Amino acid sequence: MTAVATRTRRSTEQLRALAEDGARLVGEASADEVVAWAARTFPGTLAVASSMENAALPHLVSQHAPGVDIVFLDTGYHFAETLGARDEVEFSLDVTVRSIRPRLSVAEQDAAYGPRLHDRDPGACCRMRKVEPLREALTAYECWMSGVRRDESAARAGTQLVTFDETNGIVKVNPFAAWSADDVMGYAMRNRVPMNLLLSDEYPSIGCGPCTARVEPGADPRSGRWAGSSKTECGIHD
């Protein structure tokens with residue numbers, strides 16, 4: 001049980017002020033310094049969201065917050081390799097993996113909205129299977145971390161290291177915001193962290209199975225996400 005569950009969470013106003021103070025304090029600090037600040041400021045009230053593409057961020061955070069909760073959105077549509085990476089992270093790192101599932105199973109969603117909703121309305125599918133479950137899970141915390149980077153897309157170019165997440169009402173920290181894909185991979189290799197096997201099979205960005213395609217060498221790494229549609233984000237980081 002997290003520390004948040006055993007005490008009153010700080011108010012929205014207090015958390016917003018902490019985010020503003022944190023943004024000033026960390027400036028453009030290193031990822032390690034940003035994580036250290038978050039671990040000091042939110043002891044026991046911190047979560048790390050991970051898609052299990054790689055475990056670089058869970059590994060780094062565990063160095064400052066042993067046993068930290070890793071929130072994994074188990075949508076019911078993940079590749080077997082992604083679930084394998086999740087299990088390896090839980091086994092090999094000093095973290096606590098929380099697999100968060102939607103209110104409806106895939107079969108229940110199919111019955112209510114028709115099969116393959118992800119093809120007809122991917123926004124609705126992401127909302128029910130990712131955005132809403134994450135929002136509910138984060139009510140147990142004061143701060144969450146993501147591996148979002150500025151170089152991933154134009155929409156993410158302005159990503160701040162520390163900010164207040166208005167959607168979820170808590171502090172959001174993006175330690176890797178200034179990193180490149182090579183920086184993340186270098187950290188992962190040096191520290192021998194678990195990696196999703198699909199990364200070596202032309203899947204540089206990995207989401208749910210039905211909405212993720214292989215990417216040609218040299219192409220935009222995120223072009224395989226929701227390929228053939230105008231959708232570029234699941235809604236978690238909007």
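Key figures for this structure:
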read-out: Ordering of 144-151, 168-175, 85-92 by packing [mean C-beta count within 10 Å, highest first]; value: 168-175, 144-151, 85-92
read-out: Protein-only accessible surface order, largest first, of Arg190, Arg98, Arg135, Arg116 at 1.4 Å; value: Arg190, Arg116, Arg135, Arg98
read-out: Label-point separation, Asp119 to Ala23 (7 Å along Cα→Cβ), nm; value: 4.3 nm
read-out: Percent of beta bridges antiparallel (DSSP, the chain, rounded to nearest 5); value: 30 percent
read-out: Approximate spin-label separation Glu33-Val106, in nm, with each point projected 7 Å along Cα-to-Cβ; value: 4.5 nm
read-out: Percent carbon-and-sulfur accessible area, the chain, ignoring ligands, DNA and RNA, probe 1.4 Å; value: 51 percent
read-out: Estimated inter-spin distance, Arg40 and Thr139, nm [label 7 Å along Cα→Cβ]; value: 3.3 nm
read-out: Euclidean distance of C-alpha centroids, segment 31-98 and segment 163-184, integer Å; value: 14 Å
read-out: Probe 1.4 Å, protein heavy atoms only - accessible area per residue of the chain in square angstrom; value: 48 Å²
read-out: The chain: radius of gyration over Cα atoms, expressed as a fraction of 2.2 N^0.38 Å; value: 0.98
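The values are calculated or read from the model by the stated rules, or taken from the named source; none is laboratory data. Predicted model only: the values in this text are computed from it and were never measured. When we count neighbours, we look across all protein chains shown, and the Cβ atoms used for this are built from the backbone with ideal geometry, even at glycine. Accessible surface is based on the protein model in full, side chains and every heavy atom, while ligands, DNA and RNA are left aside. Shrake-Rupley method; radii C 1.70, N 1.55, O 1.52, S 1.80 Å.
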